[in-house]
Amino acid sequence: MGRKRKGRAGEQGVRFRRKLLAWWARAARDLPWRRTRDPYRVLVSEFMLQQTQVSRVAEYYPRFIEQFPDLGALARARPRAVREAWDGLGYYARASNLHALARVVSKDLGGTLPDHPDELIKLPGIGPYTAGAVASFGYEKPVPADDANVNRVLRRVFFDRATGNVQRRSGSWHGRWYRKTAIEPGSSIRPSWSWER
């Protein structure tokens, strides 16, 4: 009986993944930070995208990367130069944290960003989502980058509007299962995505 349920649930996960990837193929915007697997560039984009519109970041990201093309260049920069490059994006603590992070990584970690969320989260300005995003998008590690947008999609898909309850399977939240089997990189069913798609 458990096998049958797992099989059906696995098929639902595959269908959900296919629909999500089909939507992505139609709706994804061509953004400069999506064209790289460089962990530093992924990190810069994630810092910039915190509470800032994508269209605004699309203007600033290329200029920032041109001025500070790698972690070492950012670490060597003066704080004022970093603030000036960030000027107009708002939430200037992000720029200070990114600069502090670059200095810590350069001084204490040999200039290489860690590839695991448990290590990334110890760095200035990095929370759970950013740690997951850098590990997943920059290092292609099988870890989730789970933010409000992911949770909003999962709620819309798995929230039972008729009863007002989250759909459940064997006592656990359906969305968590789908996060593991349908969208999380390295899921047990099969890899959730391929960078070539």
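Assess whether T130 counts as being in contact (Cβ under 8 Å) with a residue 60 or more places away in the chain, among the β-branched types (V, I, T) and closer than 24 Å to P32 by Cβ. Considered against the rule, which asks whether it is in contact (Cβ under 8 Å) with a residue 60 or more places away in the chain, among the β-branched types (V, I, T) and closer than 24 Å to P32 by Cβ, T130 comes out as yes.
With respect to D87, is the statement that it is out of contact with any Phe, Trp or Tyr (no Cβ under 8 Å at 6 or more places or on another chain) and among the acidic types (D, E) true? For D87, the condition - out of contact with any Phe, Trp or Tyr (no Cβ under 8 Å at 6 or more places or on another chain) and among the acidic types (D, E) - is met.
Among the residues of this structure, K122 counts as one that is of a type in the set (D, E, K, R), out of contact with any His (no Cβ under 9 Å at 6 or more places or on another chain) and either in a loop (DSSP other than H, G, I, E, B) or modelled with pLDDT under 95 (or both). Can you find even one residue in segment 41-61 that is in a helix (DSSP H, G or I), free of Cβ contacts under 8 Å to residues at least 24 places away in the same chain and basic (K, R)? No. Pairing each residue of segment 11-32 that is in contact (Cβ under 8 Å) with a residue 24 or more places away in the chain and surrounded by 11 or more Cβ atoms within 10 Å (Cβ to Cβ) with any residue that is assigned to a helix (DSSP H, G or I) and of a type in the set (S, T, N, Q), provided the two are 6+ apart or on different chains, yields C-beta distances under 6 Å for G13/T181.
Just one of the listed residues (A100, A148) is more than 21 Å from P69 (Cβ to Cβ) and either of a type outside the set (D, E) or surrounded by 18 or more Cβ atoms within 10 Å (Cβ to Cβ) (or both), namely A148. In the set (1) touching a strand residue (DSSP E or B) at 6+ places or on another chain (Cβ under 8 Å); (2) aliphatic (A, V, I, L, M); (3) modelled with pLDDT of 85 or more, A22 fails one condition alone, (1). With respect to the conditions (1) free of Cβ contacts under 8 Å to residues at least 12 places away in the same chain; (2) of a type outside the set (D, E, K, R); (3) part of a helix (DSSP H, G or I), V82 lacks only one, and its number is (1). Restricting attention to segment 63-78, the residues being assigned to a helix (DSSP H, G or I), surrounded by 12 or more Cβ atoms within 10 Å (Cβ to Cβ) and of a type outside the set (F, W, Y) number 8.
The values are calculated or read from the model by the stated rules, or taken from the named source; none is laboratory data. Owing to the predicted nature of the structure, the values given are computational and were not obtained by experimental measurement. A quick note on method: Cβ atoms are made from the backbone with ideal geometry, for glycine too, and the neighbour counts reach across all protein chains shown.
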